[in-house]
Amino acid sequence: MGMDLKAVKSLLEDNARRTWNPLGIRESYCGQWAQGLNLPAKGENLLYTGCLYQMIPYIEMFSGMLKRLESLGPTVFRLAMGANKLFNSLGISTTSLLGITISRAERERYFSILRTIASALRRAGVEFAYMREEPYNGVLYHDLGMDEVFGRHVRRLADRIRETGAKRIITVDPHTTYMLRYLMGEFVEGFDAEVIHYMDLLLERGYEPSGKGPKSVAIHDPCYLARWNGLIDQPRELLSRAGVQVLEPEFSRKFTGCCGGPIESLLPSLASTIALKRLKELKETGSSDVVVMCPICLTNFSREARQVGVRVHDITEVIG
Amino acid sequence: MSGLSEVSELLRRASQDPVLRTALDRAIASYWKKRKAVMARYPYIVKLAEEVRKIKEWSIDHMDELVSRALESVERAGGRAYVAETADEARRIVGEIVGTGKVVTKAKSMTTEELKLREFLQERGNEVYETDLGEFLVQFLGPKPMHFISPSIHLTREKVAEFLREFMGVDVDKDDVEGMVALVRKFLRDKYFNAHVGISGANVFAVDSGATFLIENESNIRLSVSLPPKHVAVVGMEKLVPTMDDAWKVVEVISRYGGYKVTSYVNTIMGPARRSAADVGPDEYHVIFLDNGRREASRDEILKQTLYCLRCGACQYLCPVFGVVGGYWAGLKSAYSGGIGVMWEYVTGDKETASYHSFACLLCGRCIEACPMKINQPEVLREIRKRIMETF
């Protein structure tokens, strides 16, 4: 027993060793979103994405594959997790993942979310640098209890951040925000950069978004944003400044319901079921437009959106 | 023993079971409505819960001291007190008190489920009846109690009606819940009078008085433990608090967070019946203080949070994973359910199975909001993951 979990661990360790990314994705890919924006490599402020948005197309592929494996039953699932050969034959080995080029259209949506954040920050008068080779945030290792790999990962990340000379890190997703604020200190000695979520920064600068999407949305508070980072009023304020009406589901704010995403890499069917249930709660607000502020929620919901009859938007796609 | 793929398969199947989903949806919607009403009417309960958290922290840090004082209190009041280090030892003690060929009535108790006490006593030739309606259904319909306070949360009233129709051989209307309750009550009524032993757990135990507290809504507990000549209470060591005053606070917090504006009955049992005509109750009062992993957990900085659990079930009702798989999470062999169930199984049962089940947690943290003790389940479950990952 323990074969499957052991296999998961060694797959992640393998990829971490080769690419510093659990899915074997290169850091140069993670940094591609900023091409043509002429952002400096050094500066007081650093916009650090953690690569979660960029990884969405790959997560989609990986999760779809896992679900197929899972549907074949526990024995096949365990064998597959244990046997790299079978992994390869299903076209899901990390090397073939690397070999697959995600089409421009597939990645464009997520790159564009990041570019929208960057241009909003610029319009609000914030100068910032970015890392051309952008490291992944390491959160999956921590979630799975792989503290050794996580420690190694974030110590390197801390060095990379130090090289940029940043005093303040601007984050774009709740998981990276939480990790930098609350986990870095535990694993990296003397890490004391200030961490600010872009929404806080935009509000602080009096940013007035123009609004470019639906005029009325059901709001889904991401667990890590609302409960673990305490950012609850910020997205509501930005949406209201953009003239968007916000509809609250029954489970909202501190009692928000999870999208299911955090377990999709190990238990994909269960993750889907949870996403479906939550989307139905959101649809009961009367709006078929759901707004989220987290790449994990975005991917896990998007997969099930059609079945429920809703559209899922990142907040940046609504406020502009 | 089960690996991650077995857990995945078990939970996938459960999440696709339409009857389970209907039952869970109804129970959760009803709880949420009641909880909001309770919080609105008794806003002070949040402060009281904070006070209880401090009482629990102190008590868990002084577990050994409380156990030895509890032993004295019980004996002083004329009862018999025991310490059981393991589940086996607890079963042996109860087995000796009960004997064979007896009739036993049971109050709903998760701690006796942990010991698989009903099955143990049945194997030794005793007739054992669960007297809580939900637990009675679980005894006959299985597969296990799926929630701390609502053990038959996985059953719809349609399923229950179908079972009772066959079991009692009478016509049962699926929409007449009161009628079904009455049927079971009538069936159990003469069991109480014929029983030799009544067995209960404890919601909380006041050390200064040697008092076992039992909260209930059906009056079945009062009958189960006061009519038979012997009462055996199995008390997990985490249930001990210093004083009666502390215990009453715990009682109020459990009831409110369980979703009750009023809990119908609170029993406090402080020894066997005295020899006076006015005092009814059993001649023998046996209290077994159960360790079974609790003392070890109380010395573990992260795991000890498990022992703050009051077993009110709030976190289970509000967990998104529990909401679709119920008590399948933690496994059917465990008495416990959900994320908190995985923690309890890890402390008191099969660490390996619990470790695999820990990977189903979303780490979303709604349980922390739900919990009166603010137990950080994601932190504990992640720690359990870490400990098994380190072995690979």
Discussion item. Calculate log10 I(q)/I(0) of the range B:71-123 for q = 0.15, 0.27, 0.31 Å⁻¹, where I(q) comes from the Debye formula with a single equal point scatterer on each Cα and nothing for solvent.
Written reply: -0.48, -1.16, -1.23
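What's the local net charge at B:R157, with K and R +1, D and E -1, over the other residues with C-beta under 14 Å away?
Working: positive: B:R26, B:K159, B:R165, B:K174; negative: B:D25, B:E158, B:E162, B:D173, B:D175, B:D176, B:E178.
Net local charge, B:R157 excluded: -3.
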Discussion item. Can you compute 3J(HN,Hα) from phi for each residue in the range B:103-114, using the Karplus curve 6.51 cos²θ - 1.76 cosθ + 1.60 with θ = phi - 60°, rounded to whole Hz and x for Gly and Pro?
Written reply: 9, 10, 9, 10, 7, 4, 7, 5, 5, 6, 5, 4
Fill in: Exposure proxy order (Cβ contacts within 10 Å, fewest to most) of B:S68, B:S8, A:S269
B:S68, A:S269, B:S8
Practice prompt. Report, by chain and number, residues whose modeled amide H sits under 5 Å from the one on B:V204, excluding near sequence neighbours (fewer than 5 apart, same chain).
Written response: B:F213
Practice prompt. Do me a favour and compute the ellipsoid semi-axes for chain B from its Cα gyration tensor, root of five times each eigenvalue, largest one first, whole Å.
Written response: 29, 26, 21
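Extension gain B:E96-B:E162, at 0.36 nm per residue separation less the Cα-Cα distance, in nm?
Numbers: separation 66, 0.36 × 66 = 23.76 nm, distance 3.77 nm.
Working it through step by step, the gained length comes to 20.0 nm.
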Practice prompt. Using θ = phi - 60° and the Karplus relation 6.51 cos²θ - 1.76 cosθ + 1.60, list the HN-Hα couplings for the range A:128-142 in order, rounded to whole Hz, with x at every Gly or Pro.
Written response: 7, 9, 8, 9, 4, 9, 8, x, 5, 7, x, 4, 4, 4, 5
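Quick one: A:Y182, B:Y260, B:Y317, fewest Cβ neighbours within 10 Å first, how do they rank?
Details: A:Y182 12, B:Y260 18, B:Y317 29.
Ascending number of Cβ neighbours within 10 Å: A:Y182, B:Y260, B:Y317.
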Worksheet entry | Other-chain or far-sequence residues with amide H under 5 Å of A:R311's (modelled H) | A:D289, A:V290
Worksheet item: What ranking, highest mean first, results for peptides A:39-49, A:204-214 when packing means the other Cβ atoms within 10 Å averaged over each residue?
Response: A:39-49, A:204-214
Discussion item. If you take each beta carbon of peptide B:308-321 and count the beta carbons of other chains within 10 angstrom, what is the mean?
Written reply: 2
Worksheet, complete the sentence: Amide H contacts under 5 Å for B:H154, restricted to residues at least 5 apart in sequence or on another chain and with H modeled in the peptide plane, are B:M146
Worksheet item: Cα convex hull of the range A:208-319: mean projected area in nm², to one decimal?
Response: 6.2 nm²
Response to the item:
Taking only Cα atoms of the protein assembly as shown, the Rg to Rh ratio with Kirkwood Rh works out at 1.01
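Take every Cα pair under 8 Å in chain A that's 6+ residues apart, average their separations, divide by the length, and report that relative contact order as a whole percent. Intermediate values should be presented prior to the final figure.
Numbers: 519 pairs, mean separation 61.6, N = 320.
Worked out over chain A, it gives 19 percent.
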Worksheet item: Could you give the nm distance between label points at B:E65 and A:E148, where each point is 7 Å from its Cα heading toward the beta carbon?
Response: 4.0 nm
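Okay, helix-only estimate at 222 nm for the protein assembly as shown: each DSSP H run of n ≥ 4 adds -39500 (n - 2.57), divide by all residues, round to 500 deg cm²/dmol; what do you get?
Values: 35 runs with 365 residues, N = 712.
Taken over the protein assembly as shown, the calculation gives -15500 deg cm²/dmol.
Could you tell me the calculated FRET efficiency between B:K54 and A:N38, based on Cβ-Cβ distance and R0 = 51 angstrom, to the nearest 0.05? Each step should come with its number before you reach the end.
On the way: r = 56 Å, r/R0 = 1.10.
Calculated transfer efficiency: 0.35.
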Response to the item:
The ³J(HN,Hα) series, computed from each phi in the range A:260-276 with the Karplus coefficients 6.51, -1.76 and 1.60 at θ = phi - 60°, rounded to the nearest Hz and given as x for glycine or proline, is x, x, x, 9, 5, 7, 10, 10, x, 5, 4, 4, 5, 4, 5, 4, 4
Discussion item. Rounded to whole Å, give me the distance from the Cα center of the range A:248-314 to that of the range B:319-337.
Written reply: 21 Å
Discussion item. Between B:K374 and A:D233, what's the calculated FRET efficiency when r is the beta-carbon distance and R0 is 25 Å? Round to 0.05.
Written reply: 0.65
Discussion item. Quick check: residue separation of B:R185 and B:E72 times 0.36 nm, minus the Cα distance between them. What number comes out in nm?
Written reply: 37.0 nm
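Give me a single rounded figure for A:273-280: the average over its residues of other chain Cβ atoms within 10 Å of their Cβ. Could the numbers behind the result be given before it?
On the way: counts 11, 8, 1, 2, 6, 2, 0, 0.
What the average comes to for A:273-280 is 4.
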Item to complete: Per residue of A:139-151, count partner chain C-beta atoms within 10 Å of its C-beta, then hand back the mean as an integer.
Response: 4
Practice prompt. For the protein assembly as shown, give the share of DSSP beta bridges that are antiparallel, in percent and rounded to the nearest 5; count only bridges with both residues there.
Written response: 15 percent
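Relative contact order of the range B:352-392, please, whole-number percent, based on alpha carbon pairs below 8 angstrom and at least 6 residues apart. Each step should come with its number before you reach the end.
On the way: 29 pairs, mean separation 17.8, N = 41.
This gives 43 percent for the range B:352-392.
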Worksheet item: Using 11 Å as the cut-off for backbone N distance, which residues of the range B:179-208 belong to the label zone defined by a point 7 Å from the Cα of B:S264 along Cα→Cβ?
Response: B:181-182, B:185
Worksheet item: What FRET efficiency comes out for the pair A:E108/A:K167, r = Cβ-Cβ distance, R0 = 30 Å, nearest 0.05?
Response: 0.40
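The numbers here are math on the coordinates, done by the rules we state, and not lab data. Note that the coordinates shown come from a computational prediction; the quantities given were computed from them, not determined experimentally. Don't worry about glycine lacking a Cβ; one is built from the backbone with ideal geometry, like all the others, and counts go over all protein chains shown.
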